[in-house]
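The next block holds one structure in the form of structure tokens; read it before the comments.
The values are calculated or read from the model by the stated rules, or taken from the named source; none is laboratory data. Because the structure is predicted, anything quoted here is derived from the model rather than measured. As a convention, Cβ positions derive from the backbone with ideal geometry for all residues, glycine included, and neighbour counts pool all protein chains shown.
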Amino acid sequence: MRKKIVAGNWKMNKNLREGISLASEIVNMVDDEVMDDVTVILNPPYIHLESVGKLIRGSGKTYLGAQNCNENDSGAFTGEVSVEMLKSVGCEYVILGHSERREFFKESNEILARKVDIVLEKGLKPIFCCGESLDIREKGTYVAYVSKQITESLFHLDKEQFKNIVIAYEPIWAIGTGVNASSEQAQEMHASLRQHLASKFGSEFADEISILYGGSCKPSNAKELFAGPDVDGGLIGGASLKAKDFVDIIKSF
């Protein structure tokens with residue numbers, strides 16, 4: 001049975017005091033209100049990781065993740081953070097390939113493949129983001145475009161490696177724009193991506209991989225989105241910055 005997962009991506013928000021307060025609220029609410037079969041992941045900025053990690057330890061439902069990593073073990077890469085550093089503060093997940101990283105920092109499928117490799121090598125789990133712009137969506141080539149992202153960054157892995165991958169589909173045209181993808185559009189894309197995985201690994205294996213939705217998910221639409229048979233949860237941006245909203249999304253299952 002696939003994992004149900006809700007991950008909060010705080011992006012570049014909250015100072016340390018605010019972050020600790022938010023994480024404390026979420027962890028306490030999750031422990032009290034959320035069913036055991038939902039995995040919750042908090043992905044705060046780097047400076048929060050150790051403090052949030054301490055709050056999470058002891059909770060069997062909430063896990064710590066980072067928003068990115070460097071593809072090298074160590075070295076003269078000013079401003080970068082290695083997977084080993086993330087591991088040392090208790091991270092178990094790392095978001096890779098978010099649309100903002102691809103757009104603003106020009107991360108290619110090739111670079112992301114190297115990041116996937118080092119995250120897996122160090123024993124952490126990648127949350128691999130993929131998705132299309134409005135231009136690609138309107139051209140009608142979005143399935144091929146997103147499938148190529150997965151092929152070029154993930155299809156060099158074997159089954160044993162791939163079972164530690166979480167995929168997050170994010171329609172870029174529905175992030176922070178006020179335009180939401182419908183539940184039908186989300187399900188269509190998730191089903192297409194699962195079929196793409198099946199073409200490489202077989203349908204039985206593809207059915208075991210969690211695919212999250214990451215496009216303006218909020219308490220008002222989460223239940224409908226998560227009802228899709230191929231939608232296994234969400235990668236949540238803005239709504240993860242408010243404890244009640246985030247926990248209400250988790251409870252939508």
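The table below gives the values:
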item	result
Top-ranked residue of the stretch 54-80 - restricted to ones that are among the hydrophobic types (A, V, I, L, M, F, W, C) and free of Cβ contacts under 8 Å to residues at least 12 places away in the same chain, ranked as surrounded by the fewest Cβ atoms within 10 Å (Cβ to Cβ)	A76
Residue ID - surrounded by the fewest Cβ atoms within 10 Å (Cβ to Cβ), chosen from residues in the stretch 34-47 that are more than 14 Å from A7 (Cβ to Cβ) and over 18 Å from the mean Cα position of the chain (by Cα)	D36
Tally, over the stretch 130-171, of residues that are part of a strand (DSSP E or B) and either in contact with a His (Cβ under 7 Å, 6 or more places away or on another chain) or farther than 20 Å from G233 by Cα (or both)	1
Any hit, the stretch 15-33, residues being in a loop (DSSP other than H, G, I, E, B), out of contact with any His (no Cβ under 7 Å at 6 or more places or on another chain) and either exposed (fewer than 15 other Cβ atoms within 10 Å of the Cβ) or at pLDDT 95 or above (or both)	yes
Residues being of a type in the set (D, E, K, R) and either touching a strand residue (DSSP E or B) at 6+ places or on another chain (Cβ under 9 Å) or touching a residue at least 24 places away in the same chain (Cβ under 8 Å) (or both) - total across the stretch 15-53	6
Residues (closer than 19 Å to S182 by Cβ and either surrounded by fewer than 19 Cβ atoms within 10 Å (Cβ to Cβ) or among the polar types (S, T, N, Q) (or both)) located in the stretch 239-253	S252
Number of positions in the stretch 85-115 that are part of a helix (DSSP H, G or I) and not small (G, A, S)	14
